[in-house]
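The values are calculated or read from the model by the stated rules, or taken from the named source; none is laboratory data. Remember, it's a predicted structure, so these values are computed and weren't measured experimentally. Positions of Cβ are backbone-derived with ideal geometry, glycine not excepted, and every protein chain shown enters the neighbour counts. Protein only, heavy atoms only, side chains kept; ligands, DNA and RNA dropped before computing areas. Shrake-Rupley method; radii C 1.70, N 1.55, O 1.52, S 1.80 Å.
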Amino acid sequence: MMEESGGPNAGDLARVADVLRGAHAVVALTGAGISAESGVPTFRGAEGLWRTYRAEDLATPDAFRRDPRLVWEWYLWRRSRIAAARPNPGHLALARFETRLRQFTLLTQNVDGLHRQAGSRDPIELHGNIWRGRCTASGCVISRPPVADELMAATSGAPSDLPRCACGAVLRPDVVWFGEGLDPEKVDRAVAAVRRSKVMLVIGTSAIVYPVAAFPALARHGGATIVEINVADTPLTGDADVVLRGASGELLPALERLL
Ligand code: BV8
């Protein structure tokens, strides 16, 4: 659907392109919705359930303490879905915004690594990265692609098959679970970018997970124009200066063509 010519967002796209061109600093904040067109299930959409569980039931330290295998099976299932996914035109357009816009900072809640795959040089992955493991004893982080035995182990059920660190301790996914604090260094970098931003693009997020969900209000407090790109209303919609209703994989390239 060629948005710029006369689609429902045509006027707003032109308006957003104008403010982007004139902005000395731009921040984009993405959520699971930007990866939906790559086939990666969102958290709260129809595919957000896995078996009979909700993400909030599994993405917690308690769930991991209670049943590390169940939590690993979920993450390894998600890794297999993400391994089959490719960056979509929305990811690719954001990667090109780095060279098209002044002081562009990309913040993401996603752990799928698709922004980096799309060519974004320094996405701030506020909730971590599903492809890394973290030692539950030392906290050291291991970056490695999924290996067949990990995928096999999680489903074989053998008690000693949890992914382990070289030190022997069980590995956990290197992501931020509910009830866990975010990396202070990443939060500091994100808040600094949000505070200096003149435009904030909020893309494909239900805007309900804190502290990240507080970032648009912080940007607005600093005088930024808030643009929401989403297929549906969210708690942010009423406070956004511009709402572009539609798929990010279509709207972001349409926006880029107007820059
Ligand atoms: C913290 C990583 C304190 C793991 C995630 C009670 C107890 C404890 C904490 C709390 C509590 N009540 C509230 C809290 C705070 C809690 C919170 O906010 N809960 C919510 C549910 C109310 N937050 C936390 O716990 C945070 N930590 O507060 O710690 C603290 C401080 C210091 C020291 C110690 C402790 C940690 C939050 C991070 C949790 N981890 N993920 C993993 O991925 O497995 S959150 C998870 O949700 C993902 O990161 C995800 O990205 C994020 C947000 O979801 P969305 O990305 O928005 O995805 P969603 O499916 O919801 O929405 C998709 C959107 O896309 C929709 O709007 C849809 O319309 C749209 N869409 C779909 N298709 C498209 C599209 N848009 C455009 N185009 C399309 N094609």
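Working carefully through the options 201, 251, find the one that is at pLDDT 95 or above, under 19 Å from residue 22 (Cβ atoms) and within 14 Å of the ligand (Cβ to nearest atom). If you could, list the steps in order and put the result at the bottom.
Values: 251 fails: under 19 Å from residue 22 (Cβ atoms).
The unique qualifying residue is 201.
Every residue in region 53-72 that is within 8 Å of the ligand (Cβ to nearest atom) and surrounded by 18 or more Cβ atoms within 10 Å (Cβ to Cβ), please. Spell out the reasoning first.
Our first condition is that a residue be within 8 Å of the ligand (Cβ to nearest atom); within region 53-72, this holds for 55-56, 58-59.
Within region 53-72, 55, 58, 59 meet the criteria.
Picking from residues in region 189-218 that are assigned to a helix (DSSP H, G or I) and in contact with a strand residue (DSSP E or B) (Cβ under 8 Å, 6 or more places away or on another chain), the one that is most open to solvent (accessible area, probe 1.4 Å) is 189.
Just to be sure I understand, how many residues within region 219-243 are over 18 Å from residue 105 (Cα atoms) and either near the ligand (Cβ under 9 Å from one of its atoms) or assigned to a loop (DSSP other than H, G, I, E, B) (or both)? Within region 219-243, residues that are over 18 Å from residue 105 (Cα atoms) and either near the ligand (Cβ under 9 Å from one of its atoms) or assigned to a loop (DSSP other than H, G, I, E, B) (or both) number 9. The lone criterion from (1) farther than 20 Å from residue 39 by Cβ; (2) of a type outside the set (Phe, Trp, Tyr); (3) modelled with pLDDT of 95 or more; (4) part of a helix (DSSP H, G or I) left unmet by residue 105 is number (4).
I'm trying to understand the selection: among the residues of region 97-120, which are under 18 Å from residue 256 (Cα atoms) and open to solvent by 10 Å² or more (accessible area, probe 1.4 Å)? Write out each step before concluding.
Going through region 97-120, the residues under 18 Å from residue 256 (Cα atoms) turn out to be 97-106, 115, 118-120.
Those that are under 18 Å from residue 256 (Cα atoms) and open to solvent by 10 Å² or more (accessible area, probe 1.4 Å): 98, 99, 100, 101, 102, 103, 104, 105, 118, 119.
Reported count of residues in region 41-52, each being in contact (Cβ under 8 Å) with a residue 24 or more places away in the chain, of a type outside the set (Phe, Trp, Tyr) and either open to solvent by 50 Å² or more (accessible area, probe 1.4 Å) or more than 10 Å from the ligand (Cβ to nearest atom) (or both), is 1. Of all the residues in region 5-33, those that are open to solvent by less than 10 Å² (accessible area, probe 1.4 Å), within 16 Å of the ligand (Cβ to nearest atom) and assigned to a helix (DSSP H, G or I) number 2.
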